[in-house]
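A short worksheet on the structure shown next.
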Amino acid sequence: MKGSATQLLLLFSLCGAWAQWESQGTEAKETTHKVMRRQTHSTPDIWADLKELRDMVVEQRVELRNMEAKLTDSQKEVEELKKEMTSVRVEMSITKTELELQKTKGEELKTENTALEERMTVSEKVIKDKPKVAFSTALGLEDTGPFNTETQLVYKTVFINIASGYNPTTGIFTASVKGVYFFTYTAVDYRISQNVGVALYHNGKKIMHNYERTGKSDALVSNALLLDLEEGDVVYLRLPSGYTLHCDDTNNQSTFSGFLLFPQ
């Protein structure tokens with residue numbers, strides 16, 4: 001636009017100068033030629049401007065392509081970052097799930113431990129509160145029998161007598177609580193040709209009778225049983241008529257023992 005306006009002004013100036021030149025003499029014409037040459041030399045080169053403009057456009061296109069390439073690379077990086085973020089989110093989700101499962105398992109274990117502790121506390125309380133009854137005795141250092149009638153056996157050596165259920169004076173055990181009791185006994189005689197044996201009674205009723213006759217060697221009898229006793233029931237051993245028990249020794253081979261297995 002600027003170059004066109006300049007050319008128009010130049011044309012008007014040339015027209016005016018030409019008219020004056022025609023009306024003037026030779027000297028004036030020469031002066032006019034000089035002026036026109038100067039103005040012609042000072043006119044901008046429009047082709048140079050167009051070339052410069054074209055070069056600028058080319059450079060801008062190159063820069064634009066470079067920017068587009070960079071933008072494409074940036075988009076690829078963004079996509080890669082999105083993929084990485086997605087992978088990280090998946091891993092975080094898996095980790096969160098695993099943590100929740102571990103937390104759930106931890107809570108379950110905590111609940112189980114609490115329940116176990118409660119059961120142990122109850123069991124300890126039951127064991128602590130459970131009545132304890134037990135006795136263990138031996139016959140003593142004297143010969144017993146034979147007698148013409150059945151005779152009460154009194155085991156005078158007492159090893160243990162928890163709850164004092166056994167009476168070492170009478171040889172009778174008395175149940176202090178209702179429950180199931182375990183009893184065992186042994187009897188021995190070393191003399192030749194003797195009847196060895198004992199009978200177990202519960203509240204005056206014979207429950208068991210074991211015997212053996214000695215020959216050239218000693219005889220030994222033993223047995224055990226369970227009895228369901230009420231509080232106050234009695235259990236004891238008796239020597240049948242005509243039977244003997246040899247004097248016991250420090251080995252304590254003729255014994256009578258029992259204990260509460262569990263209360264009812």
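The values are calculated or read from the model by the stated rules, or taken from the named source; none is laboratory data. In this text, all values refer to a predicted model and were calculated from it rather than measured experimentally. So basically every Cβ, Gly included, is an ideal-geometry build from the backbone, and we count neighbours across all protein chains shown.
Got at least one residue in segment 94-111 being modelled with pLDDT under 85, surrounded by 10 or more Cβ atoms within 10 Å (Cβ to Cβ) and outside the structural domain of Glu231 (by TED's automatic domain parsing)? Within segment 94-111 (the criterion being modelled with pLDDT under 85, surrounded by 10 or more Cβ atoms within 10 Å (Cβ to Cβ) and outside the structural domain of Glu231 (by TED's automatic domain parsing)), the answer is yes, since at least one residue qualifies. Could you go through segment 206-217 and let me know if any residue there is of a type in the set (Phe, Trp, Tyr) and either modelled with pLDDT of 95 or more or part of a loop (DSSP other than H, G, I, E, B) (or both). For segment 206-217, residues of a type in the set (Phe, Trp, Tyr) and either modelled with pLDDT of 95 or more or part of a loop (DSSP other than H, G, I, E, B) (or both): absent. Filtering segment 135-148 down to residues that are surrounded by fewer than 15 Cβ atoms within 10 Å (Cβ to Cβ) and closer than 21 Å to Thr186 by Cα, which residue is modelled with the lowest pLDDT? Checking each candidate, the answer is Asp143.
Scanning segment 157-191 for residues that are in a loop (DSSP other than H, G, I, E, B) and surrounded by 15 or more Cβ atoms within 10 Å (Cβ to Cβ) yields Ala163, Gly165, Pro168, Gly171, Ala175, Ser176, Val177, Lys178, Tyr190.
A single member of Leu237, Leu229, Leu200, Leu220 is over 17 Å from Leu261 (Cβ atoms), crowded, with 19+ Cβ neighbours inside 10 Å and out of contact with any Asp or Glu (no Cβ under 6 Å at 6 or more places or on another chain), and it is Leu237. Applying the criterion of being β-branched (Val, Ile, Thr) and at pLDDT 85 or above to the residues of segment 112-134, the residue that is farthest from Ala175 (Cα to Cα) is Thr114.
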